[in-house]
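Working notes, structure below.
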Amino acid sequence: MTFIGDQPLIVSQSRHAIYELNQIAGYIGCRLEDGISVSQLAQEVADRGVSHSSVMLHKVLADWSQSGLVHATVRPPTSPPILTQRMSLGARTFALRYHDEALARQISPLFAHVETDPPPEEALTSYDLWQNNGLCLFSRDGGPAALLQLNQAATLVKAQVVQDIIDDPRWTLALHAGCVSRDGKALLLSGPPGAGKTTLISWLIGDGFAYHGDDISMLGPDGRVRGLPFLPTVKSGAWPMMAARYPGRLQPLIHWRPDGRRVRYLDLPEKAAQEPLPVGWIVKLRRTKGAPARLIQQHPAALVKHLLSEAASSSGEADRSAIDIMIRTVGAARTCMLEYDDLNEAAALLGEFCGPA
């Protein structure tokens, strides 16, 4: 914390940034530097006329923690966890160590379908989760704990797992594309926000495609892809539709993303395969209200440009080798754009495009 005149500022050395704060936020920052407890700080903020001070304080602390401005000073509990959930994703093995029953009930169902028993010699990335003063504390490999709002904890734990996979240099690129397969070949679906990627991928599960992931696919140096088969994330507007198509499979718990969206997760009918696959088809989605479903020719160069614009990597950039692998992968696949509105029409067209099952 610092001040310029009467303007409170918080400095992020890692991001080389300065954030302006209002007077209440400045007070919170100063008192945190004094080492005050969260519960006492909530009372002091309430004494200054702030209504729902605990809710406000939890949001402020969680937002600052996600921005890398604060972290908890306490380390993970030394007592054994009440549940350890080992899982395999993206050629990595993770262990979620829950020290709180409520957090275990809330978060573990998201990862039950990818649980595994890794060999004893295999390296694990471990996460510890526990509660303190109404916040979820989340520590990676015993390091400083991030502060999470309880209703966002599941989505942010998932986001950290994704980031750890992206940071693995064994992968060439992380593509912002969902992945299903047919006859041992991957169909990648990409598109801008609102294109209905997750909804359409979830629909295709019921039409004979195998599920591999609804959001991120990892591209390897051999040009094959491996989807990250997290449970499909269903936004609130699609809950009635998915509940009708897949009775009993939409998980009841509601989770919040940091962008304010409410989501639920769709259970899979069987464990998702995670083997790397050659890419057979790449489709860019364009959802247009009232438009009949149609396939539009898409030059491979346009798809390479689109996929690279949304890709991520362990180095933070796509080097020449990664670009060459991307060009070869897209060039060997059938490509098009799918404009659609009706899901059944879109699924039928994709079924024809990818050939008979």
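For segment 240-278, how many residues are surrounded by 16 or more Cβ atoms within 10 Å (Cβ to Cβ), part of a helix (DSSP H, G or I) and in contact with a strand residue (DSSP E or B) (Cβ under 9 Å, 6 or more places away or on another chain)?
The total comes to 1.
I'd like to check something: does segment 247-264 contain any residue that is touching a residue at least 24 places away in the same chain (Cβ under 8 Å), of a type outside the set (Lys, Arg) and either under 22 Å from ASN344 (Cβ atoms) or in contact with a Leu (Cβ under 6 Å, 6 or more places away or on another chain) (or both)?
No, every residue in segment 247-264 fails to be touching a residue at least 24 places away in the same chain (Cβ under 8 Å), of a type outside the set (Lys, Arg) and either under 22 Å from ASN344 (Cβ atoms) or in contact with a Leu (Cβ under 6 Å, 6 or more places away or on another chain) (or both).
Starting from residues that are hydrophobic (A, V, I, L, M, F, W, C) and either surrounded by 18 or more Cβ atoms within 10 Å (Cβ to Cβ) or more than 17 Å from the chain's Cα centre (by Cα) (or both), keep the ones in segment 96-112 and report whichever is farthest from HIS212 (Cα to Cα). Before the answer, list the steps.
Looking only at segment 96-112, we keep the residues that are hydrophobic (A, V, I, L, M, F, W, C), and these are 96, 102-104, 107, 110-112.
Then drop every residue that is not either surrounded by 18 or more Cβ atoms within 10 Å (Cβ to Cβ) or more than 17 Å from the chain's Cα centre (by Cα) (or both), which leaves 96, 102-104, 107, 110-111.
Working: LEU96: 22, ALA102: 29, LEU103: 26, ALA104: 25, ILE107: 20, LEU110: 15, PHE111: 14 Å.
That would be ALA102.
If you scan segment 36-48, which residues turn out to be assigned to a loop (DSSP other than H, G, I, E, B) and either of a type in the set (A, V, I, L, M, F, W, C) or out of contact with any helix residue (DSSP H, G or I) (no Cβ under 9 Å at 6 or more places or on another chain) (or both)? Let's see the steps before the verdict.
Taking segment 36-48 first, the residues assigned to a loop (DSSP other than H, G, I, E, B) are 36-37, 48.
Result: ILE36, SER37.
Starting from segment 62-83, keep only residues that are over 15 Å from ILE28 (Cα atoms), then list their pairs with residues that are in a loop (DSSP other than H, G, I, E, B) and small (Gly, Ala, Ser) whose Cβ atoms are within a distance under 7 Å, requiring at least 6 positions of separation or different chains.
Final answer for the pair search is GLY68/SER14; ARG75/GLY142; PRO76/GLY142.
Out of segment 97-146, which residues are among the β-branched types (Val, Ile, Thr) and at pLDDT below 95?
Our first condition is that a residue be among the β-branched types (Val, Ile, Thr); within segment 97-146, this holds for 107, 114, 116, 125.
Passing the criteria: VAL114, THR116, THR125.
Being hydrophobic (A, V, I, L, M, F, W, C) and surrounded by 18 or more Cβ atoms within 10 Å (Cβ to Cβ) is the filter here; which residues of segment 289-315 pass it?
Restricting attention to segment 289-315, the residues satisfying the condition of being hydrophobic (A, V, I, L, M, F, W, C) are 291, 293, 295-296, 301-304, 307-308, 311-312.
Correct list: ALA293, LEU303, VAL304, LEU307, ALA311, ALA312.
The values are calculated or read from the model by the stated rules, or taken from the named source; none is laboratory data. Owing to the predicted nature of the structure, the values given are computational and were not obtained by experimental measurement. As a convention, Cβ positions derive from the backbone with ideal geometry for all residues, glycine included, and neighbour counts pool all protein chains shown.
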